[in-house]
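A.B. asks: There's a structure below that I have some questions on.
The values are calculated or read from the model by the stated rules, or taken from the named source; none is laboratory data. Owing to the predicted nature of the structure, the values given are computational and were not obtained by experimental measurement. Glycine gets a Cβ as well: all are built from the backbone with ideal geometry, and neighbour counts include every protein chain shown. Heavy atoms of the whole protein, side chains included, go into the accessibility calculation; ligands, DNA and RNA do not. Shrake-Rupley method; radii C 1.70, N 1.55, O 1.52, S 1.80 Å.
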Amino acid sequence: MSALPMSRPAPADPTLDLEMEIRRLKKERDAVVLAHYYQESEIQDLADFVGDSLELARRGTLATEQVIAFAGVHFMAETSKILTPEKTVVVPDLEAGCSLADGCPAPLFGEWLRKYPGHTVVSYINCSAGVKALSDVIVTSSSAEVILRQIPDPVVFAPDRNLAAWLEKKLNRKFVVWPGTCVVHETFSEKKLIDLMTRHPEAEVIAHPECEERILRHAAVVASTSGLLKHVATSPKTAFIVVTEEGILHQMRRAAPKKTLIPAPPDADCACNICPHMKRNTLEKLYLCLRDLAPVLEVPEDVRVKAKRSIDRMLEMTAGLLLSPAGSRS
Ligand code: 13P
Ligand code: SF4
């Protein structure tokens, strides 16, 4: 029998109770599990903290454990490594990318930036460490508006053109924009959304700002994942059409079990409103990364130091935005 390639871990024993094993390994490895809302529900339930990108970045810096097991996509775990280089950051699947980050390679971005001297470079956190290193400040969907209100023009905004358009409209400004999009949020169908709104006139449309303008114009609330969750939990409304990746529905159902939640349909007859990158992570891969303490996420030190400056600037400029208590279970 041929040997397994070195990079592939030995599979989990199929008789194991993975949830019990993950709980055991968290203690044994002195690990904290951080998860994004788009992870499958079993992973969210085992996590010590579930949050949006800003909250996850912050929560990583507060970890007392030596190991951070990050169930999200690559740029999220990378952000934790950039902020806490002394920790071991492991991920269930190193290949869990993001269309926004992948569509904005650092060398191309650096070249493009040369056309805009004197601009403040504001980058959405959904980008690589290399792009963060070329940026002046990082923003997330929950912090972008607060941060941009503190930054005068001219501004270069990358890599999400939909978030940029939403901010431009909100702030009545114009930015130089890198034309990236999220493969998940651009799939929602306006026609199907209008049909749903007609069939459920009592339901409020709530959407993530990575959606296109033709979708956002129908939304009563546009916010980050945590913002949408908080709105569902606290609003007097009892029904919502939710226009974002459907993983968030798990926490919404927990926070507001009696409310009606209707996921918005994608354009085609597909499961395109499910992030294929986020869903690369499975319970088994989470178990394996804790068992083997691999794969480990590393960032070259020179890139890390430069990228940290732009993330630190975001954290300083959003010191008043607190961690959502809804996401915390530790
Ligand atoms: P949030 O920061 O709102 O959780 O968004 C992250 C993301 O990747 C949405 O697609
Ligand atoms: Fe990236 Fe879109 Fe997936 Fe979020 S939902 S991680 S922006 S591909």
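A.B. asks: Pairs K258/K279; K259/K285; K26/K279: which are spaced more than 30 Å apart, C-alpha to C-alpha?
C.D. replies: On the way: K258/K279 27 Å; K259/K285 33 Å; K26/K279 21 Å.
Those over the limit are K259/K285.
A.B. asks: Quick check: from the Cα gyration tensor, does segment 94-247 come out rounded (a/c under 1.5), prolate or oblate? Mind dumping the intermediate values first?
C.D. replies: Working: a/c = 2.18, a/b = 1.83, b/c = 1.19.
Prolate is the answer for segment 94-247, as a/c is 1.5 or above and a/b outweighs b/c.
A.B. asks: Whole angstrom only: what separates the Cα centroid of segment 239-312 from the Cα centroid of segment 29-96?
C.D. replies: Answer, in whole Å: 11.
A.B. asks: Only bridges with both residues in the chain count here: give the DSSP antiparallel percent, nearest 5. Could you put the intermediate results ahead of the total?
C.D. replies: Details: 3 of 34 bridges.
Bridges in the chain are about 10 percent antiparallel.
A.B. asks: Dividing the alpha-carbon radius of gyration of segment 37-87 by 2.2 N^0.38 Å (N being the number of residues), what value is obtained? Please list the in-between numbers first.
C.D. replies: Working: Rg = 10.3 Å, N = 51, 2.2 N^0.38 = 9.8 Å.
Here the answer is 1.05, to two decimals.
A.B. asks: Residues of segment 54-137: accessible area per residue at 1.4 Å, in Å²? All intermediate terms of the calculation are to be shown ahead of the outcome.
C.D. replies: Details: 2780 Å² over 84 residues.
For segment 54-137, the solvent-accessible area averages 33 Å² per residue.
A.B. asks: Translational diffusion coefficient, Stokes-Einstein: compute it for segment 136-189 using the Kirkwood radius over C-alpha pairs as Rh, at 4 °C and 1.567 mPa s, and state it as an integer in µm² s⁻¹.
C.D. replies: Numbers: Rh = 11.7 Å.
So the translational diffusion coefficient is about 111 µm²/s.
A.B. asks: Could I ask something else about it? Once the other residues with Cβ under 13 Å from the Cβ of C272 are scored (Lys, Arg +1; Asp, Glu -1), what is the net sum? Walk me through the numbers before you get to the answer.
C.D. replies: Details: positive: K192, K279; negative: E186, E245, E246, D267, D269.
With Lys, Arg at +1 and Asp, Glu at -1, the neighbours total -3.
A.B. asks: So what's the net charge close to I311: Lys and Arg +1, Asp and Glu -1, counting the other residues with Cβ under 13 Å from its Cβ?
C.D. replies: Neighbourhood net charge equals +4.
A.B. asks: Then there's this: Restricting to Cα atoms and excluding each atom paired with itself, what does the Kirkwood estimate give for the chain in Å?
C.D. replies: Values: mean 1/r = 0.0491 Å⁻¹.
Result for the chain stands at 20.4 Å.
A.B. asks: With every protein chain present, what is the per residue accessible area of segment 189-330 (1.4 Å probe, Å²)?
C.D. replies: On the way: 6770 Å² over 142 residues.
Per-residue value: 48 Å².
A.B. asks: Still on this structure, I have one more. Using +1 on the beta carbon of Lys and Arg, -1 on that of Asp and Glu, and nothing else charged, what's the dipole of the chain about the Cα centre, debye to 20?
C.D. replies: Details: 40 positive and 43 negative charges, 166 e Å.
That gives a dipole near 800 debye.
A.B. asks: State whether segment 185-246 is rounded, prolate or oblate according to the following rule on the C-alpha gyration tensor (a ≥ b ≥ c being the square roots of its eigenvalues): a/c under 1.5 gives rounded; otherwise a/b larger than b/c gives prolate, and the remaining case gives oblate. Working shown, then result.
C.D. replies: Details: a/c = 2.08, a/b = 1.13, b/c = 1.84.
Cα axes put segment 185-246 in the oblate bin.
A.B. asks: Convex hull over the Cα atoms of segment 13-59, averaged projected area in nm²? List each step's numbers first, then the result.
C.D. replies: Working: hull surface 14.8 nm².
If you wrap the Cα atoms of segment 13-59 in a convex hull and average its projections, you get 3.7 nm².
A.B. asks: I would also like to ask the following. Of all the accessible heavy-atom surface of the chain, with the other protein chains kept in place and a 1.4 Å probe, what percent is carbon and sulfur? Walk me through the intermediate numbers first.
C.D. replies: Details: 7970 of 14490 Å².
Its accessible area is 55 percent carbon and sulfur atoms.
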